Amino acid sequence: MGTGALFYVSLRVEATRLNKRAGLLAILVALILALGKFIIGLMSGSAAVLASALDSAFDLAVSSVNFVAIAASARPPDHEHRYGHGKAEALAGFTQALVIMAGAGFLIYRAVERFQQPAALNLLNETLYVMSLSFVLTGLLVWYQHRVSRKTGSIAVSADLLHYASDLFSSVLVIGGLLVYRYTNLLAADLISAIIVAIIIIYSSIKILHKSVNILIDRDQSDRYRSALKEIIDSNKQIIGYHDLRSRTSGHTDFVEIHLEMPKDLVLEQAHQLAEKVIHDLRDRFENLDIVIHCDPVETVSAHRHRLLDEEAPKFY
């Protein structure tokens, strides 16, 4: 292995180490915040703090899945899982989103119930301390994740970063509601903050649910590759065209299938080299692709017309 290859491998190892460290730090912070908020939320009776605790539990679940995804991304397919294990992440995300949506709905129900039967909050100062600490810890985590994502380009770390950045807004809402209650004794401020945070949780859960379902049902991803594929084919005069392009996602890998139309008089080795060139050019533009190409022989009818010598007509243009 040459010096350049060794340097590239060392960069990959270092990137994986940084990504795993960022993932473990996110799990640790989310665990501390979820436990602290649940305890102080139950003791104080603050619906907003309990909603924020649920949000931290959601963070813990998502960060745990992201960490598993980072660790599992290096695992090759095995005898029983020829396409890898990527859909386990989507299945976990689907289950988590449903559970957390149900929990957020229950929090809204409890907040509305407390509107009808108001009760004073306890341990207000301690609650404000916990939420302020939550804001500081989340801010430090976002700062560290931003540094790691810029170094490694990890999609999982970047997604976690965006999620925790939105949590900073939730913390501000909760702290604001508690301060309004402290100076006005208006319990509605805490309850309204709880409902807003719960709605934010439901919105985040719906996005994860939608993404997970699309992966589980193999929603086609071809549109992201169509323009690049056309440019690659147009730059190679020996390739006449393509049809039956389709793609699906599993974990962090997109599986792409393409039928390339080539002159019928090309020998097998030439057709193979052309297909390999298309695969190489696509992988230069997009990461984590598993590409399968089928070569179709074409009889040229005129300069602008050709006829496929393949039994199936194009279906996935």
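Structural remarks
- For region 250-295, filtered to residues that are part of a helix (DSSP H, G or I) and polar (S, T, N, Q), the residue that is surrounded by the fewest Cβ atoms within 10 Å (Cβ to Cβ) is Gln273.
- For Lys211: the one exception among (1) touching a residue at least 24 places away in the same chain (Cβ under 8 Å); (2) basic (Lys, Arg); (3) within 27 Å of Gly84 (Cβ to Cβ); (4) not assigned by TED's automatic domain parsing to the domain that holds Phe106: (4)
The values are calculated or read from the model by the stated rules, or taken from the named source; none is laboratory data. If you're wondering where the values come from, they're calculated on a predicted model, not measured in any experiment. Here the Cβ is made from the backbone with ideal geometry for all residues, glycine too, and neighbour counts use every protein chain on show.
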